[in-house]
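Enquirer: First the structure, then my questions, so here it is.
The values are calculated or read from the model by the stated rules, or taken from the named source; none is laboratory data. Note that the structure is predicted; figures quoted are calculated from it, not measured. Cβ atoms come from the backbone with ideal geometry, glycine included; neighbour counts cover every protein chain shown. What goes into the accessible areas is simple: the full protein's heavy atoms, side chains included, and nothing from ligands, DNA or RNA. Shrake-Rupley method; radii C 1.70, N 1.55, O 1.52, S 1.80 Å.
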Amino acid sequence: MLFGWTLEIWVLAAAASLVAGVVRGFTGFGFALILVTAVTVLAPPSEIVPVSLLLDIFAGIRMLPHVHADIDRRGSVLMVLGALPAIPLGALALSALSDDAMRLGIGVAVLVATLAIAAGIGLKRVPGTGLKLATGATMGLLSGAAGIPGPPVILLYLSSPLPVATLRATAVAVFLVTDLVSVVVMGFYGLLTMHLLLHCLVLIPIVEGAVFLGRRLYGRADPGTVKRAALVLLATLAVVVIGRSLLN
């Protein structure tokens, strides 16, 4: 055991951090989706969700200077306004529900989002104020409960006619704000411990290298290939997490 985690959990967390960091650097999203979904196979959600949020904050701070020019600023503000009231409700669920109930919720949310993205759900016009506020509220609930604010934002922008660069930049900005608020709320509910902070310190070098690699790949690798690989990985992880929650 090292800082409360077995060797198996550490190996899984390190591998997931590497994959998630590359995807985050390349696409601007996907870090928490991959890390939380993978590690909850072996570790309780209450342990990995705060770690994922802290690592995602680190990744977001490192990426923001590289993408700020492409941010949908009005959309970001609307989504953050929608998310803020919902984050405490999600964190309350994380502190109150059983590990298997949270695993099931995380797995279902990730699987539904993955299938929707893969199906190519599309909007004919740029999303309006109401849809962005609703997206923010859903994002806040998922951020507080599972540390995965990504699915609603990814669905909104991937299904819209806006450029991929706008999705990438806006996701970085919005996740940074919601992650910071979620960490504060989780601290209020007693979900942050010294062990979890030490977990972050161990994993940060892996995340740093992976995000750097993902940024270098942006504009070189085929985005469609990366997107398809990420969707297959996420769907597989979601099924495993759902299966474990139902079989326990």
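Enquirer: Given Cβ point charges of +1 (Lys, Arg) and -1 (Asp, Glu) and nothing else, what value in debye, to the nearest 20, does the dipole of the chain about its Cα centre take?
Expert: Using only the charged Cβ atoms, the result is roughly 800 debye.
Enquirer: Dipole magnitude of segment 131-235 about its Cα centre, charges +1 at Lys/Arg Cβ and -1 at Asp/Glu Cβ only, in debye to the nearest 20?
Expert: 320 debye
Enquirer: Return the single residue from D72, D99, D222 with maximal mean-square fluctuation; model: Gaussian network over the chain, springs between Cα atoms under 10 Å.
Expert: Of the options given, D222 has the highest mean-square fluctuation.
Enquirer: While we're looking at this one, here's another question. Rounded to the nearest whole Å², what accessible area per residue is found for the chain with the 1.4 Å probe?
Expert: Ligands and nucleic acids excluded, the result is 42 Å² per residue.
Enquirer: A follow-up question, please. I need the P(r) histogram for segment 145-208: all alpha carbon pairs, bin width 5 Å from 0 out to the longest distance, whole percents.
Expert: The distribution over segment 145-208 is 3, 15, 18, 20, 18, 12, 8, 4, 1, given as percents.
Enquirer: Could you put V67, V184 in order of accessible surface area, largest first, with the 1.4 Å probe and the full protein assembly present?
Expert: Most to least solvent-accessible, the answer reads V184, V67.
Enquirer: Which shape class applies to segment 167-240: rounded if a/c is under 1.5, otherwise prolate when a/b exceeds b/c and oblate if not, where a ≥ b ≥ c are the square roots of the Cα gyration tensor eigenvalues?
Expert: prolate
Enquirer: Moving on. Which residue, L197, V185, L237, has the largest displacement toward the positive end of the dipole of segment 151-248 when charges sit on each Cβ (Lys, Arg +1; Asp, Glu -1)?
Expert: L237
Enquirer: Let me ask you something else. Share of segment 61-109's accessible area from carbon and sulfur, percent, 1.4 Å?
Expert: Its accessible area is 68 percent carbon and sulfur atoms.
Enquirer: Which shape class applies to the chain: rounded if a/c is under 1.5, otherwise prolate when a/b exceeds b/c and oblate if not, where a ≥ b ≥ c are the square roots of the Cα gyration tensor eigenvalues?
Expert: The shape class here is rounded.
Enquirer: Got a number for carbon plus sulfur as a percent of segment 153-215's accessible area, 1.4 Å probe?
Expert: After summing per-atom areas, the C and S share lands at 80 percent.
Enquirer: So which DSSP H runs in the chain come out at 24 Å plus along the axis (Cα) with average Kyte-Doolittle of at least -1.0?
Expert: The answer, listed by residue number, is 7-27, 45-67, 99-118, 129-146, 164-188, 194-217, 223-247.
Enquirer: Among rounded, prolate and oblate, which fits segment 73-178 when a ≥ b ≥ c are the square roots of the eigenvalues of its C-alpha gyration tensor, a/c under 1.5 means rounded, and a/b larger than b/c means prolate?
Expert: In terms of gyration-tensor shape, oblate.
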